[in-house]
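Shown next, in structure tokens, is the structure this report addresses.
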Amino acid sequence: MKVGVVETPGVLKLTEREIPKIKNADDVLVKIKRVGICGSDIHILHGKNPFAVYPRVWGHEFVGEVVETGAGVKSVKKGDRIVVEPIMYCGDCYACRQGRGNVCLNLKVFGVHVDGGCAEYVVVPEANAHILPDGLSWDEAALIEPFTIGAQACYRGNVQKGDYVLVMGAGAIGLTVASLAKLYGAIVIVSDLVDDKLAYAKSRGADYVINSGKENLVDRLNEITGGTGPNVTIDAVCIKKTFEDAVLITSTAGRVVELSFSEIPSDIAPVNIIKKEITICGSRLQTKRFPVVIDFIKKGQLPLSGFVSKVYPITQMAEAFEYTEKNNATVRKVLISFD
Ligand code: MN
């Protein structure tokens, strides 16, 4: 079967491997239909993901059809269309006992710590398989994992109905955050430097958009929120300044959610955290968000159209990566198809 492998940092190859076999009673063999390219896959390609071990079959956003199940599998059967939840956790460590397996001490993520979804067939544990809503296309189904990241950020920021939520950045992740915040009943403000991206965010239901390169962000936020600032600020730009700004502009009793993997320190004075009693938290991957996103899709509440920028056949995997990197400013989601 064909697999897409990052052999060493910088070297992406399409190669042949044996089709994996069912080993455990809870194993499910999946024939892959789509795998999405994420910013984090590009980091892995360039050796910038501290968790990745090489060589690595990349891909953590993948969907497909069940073709075989282990003896003990009960929740899915042959022929089911599924999305794979990409994280595996021990269940015993402190984080797991807190219900936060996404930051498990022994965390394994498909495509990062173990081989991922850019393969014609992948074996996954039954617990990682979520059945797709009827009628959802494979292209749309591949968007479920990215939307769980938005759901997690809202969950971490305790987004409530009526909250003013500022989403910094209208890239793929910012858009998923904005969509979920809207579904939780927030008044959603999206900031970015690119008008086209802001227009798309608006078309997807953002209440306000701000081009922070052309308009004064603080003035506009004061106008929109009546001077309080956003109650929740979610940083999907992930640079030094956005983290600093987030702390300064968030309202009293507000929350700042950081999505950045940056190692560059920000200058933040503690007084600016304590005087408004701001909660600052990180949001990484997701925990228990697949059913949440699937449920919104089932109810027809989550807009998915226009989100996929381009689909490439597996034979053009290199072109797909090249396109994604070259069009970083405008691309939303690029998918690889195994049809
Ligand atoms: Mn992703």
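When you check Cys96 against the structure, is it farther than 30 Å from Thr315 by Cα, away from the ligand (no atom under 16 Å from the Cβ) and assigned to a helix (DSSP H, G or I), yes or no?
Working: farther than 30 Å from Thr315 by Cα: yes; away from the ligand (no atom under 16 Å from the Cβ): yes; assigned to a helix (DSSP H, G or I): yes.
When the stated conditions are applied, Cys96 passes them.
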Handout entry: For Ile173: the one exception among (1) in a helix (DSSP H, G or I); (2) free of Cβ contacts under 8 Å to residues at least 40 places away in the same chain; (3) open to solvent by 10 Å² or more (accessible area, probe 1.4 Å)
Key = (2)
Handout entry: Subset of segment 130-162 (residues that are open to solvent by less than 20 Å² (accessible area, probe 1.4 Å) and part of a loop (DSSP other than H, G, I, E, B))
Key = Leu132, Pro133, Leu136, Ala142, Leu143, Gly157, Val159
Problem - Members of segment 26-45 found to be away from the ligand (no atom under 16 Å from the Cβ) and either among the polar types (S, T, N, Q) or not in a strand (DSSP E or B) (or both), listed by number - result: Asp26
Exercise for the section: Those residues that are in contact with a strand residue (DSSP E or B) (Cβ under 8 Å, 6 or more places away or on another chain), open to solvent by 10 Å² or more (accessible area, probe 1.4 Å) and within 22 Å of Glu85 (Cβ to Cβ), I need them from segment 30-65; list them, please. Expected result: Lys31, Lys33, Arg34, Phe51, Ala52, Arg56, His60, Glu65
Problem - Lone qualifier among Lys276, Lys288 - being open to solvent by 80 Å² or more (accessible area, probe 1.4 Å), assigned to a loop (DSSP other than H, G, I, E, B) and farther than 18 Å from Glu140 by Cα - result: Lys288
Problem - In segment 218-242, the residues that are under 25 Å from Ala151 (Cα atoms), touching a strand residue (DSSP E or B) at 6+ places or on another chain (Cβ under 6 Å) and part of a helix (DSSP H, G or I) - result: Ile224, Thr225, Thr242
Problem - Extreme residue, farthest from Met317 (Cα to Cα), among residues of segment 49-93 that are more than 24 Å from the chain's Cα centre (by Cα) and among the basic types (Lys, Arg) - result: Lys74
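Out of Val271, Val293, Val256, I need the residue that is in a strand (DSSP E or B) and either open to solvent by 50 Å² or more (accessible area, probe 1.4 Å) or at pLDDT 95 or above (or both). Which one?
Details: Val271 fails: in a strand (DSSP E or B); Val293 fails: in a strand (DSSP E or B).
None of the other options fit; the residue is Val256.
The values are calculated or read from the model by the stated rules, or taken from the named source; none is laboratory data. Small disclaimer: the values here were computed from a predicted structure and weren't measured. When we count neighbours, we look across all protein chains shown, and the Cβ atoms used for this are built from the backbone with ideal geometry, even at glycine. Keep in mind that these areas ignore ligands, DNA and RNA; they rest on the heavy atoms of the full protein, side chains included. Shrake-Rupley method; radii C 1.70, N 1.55, O 1.52, S 1.80 Å.
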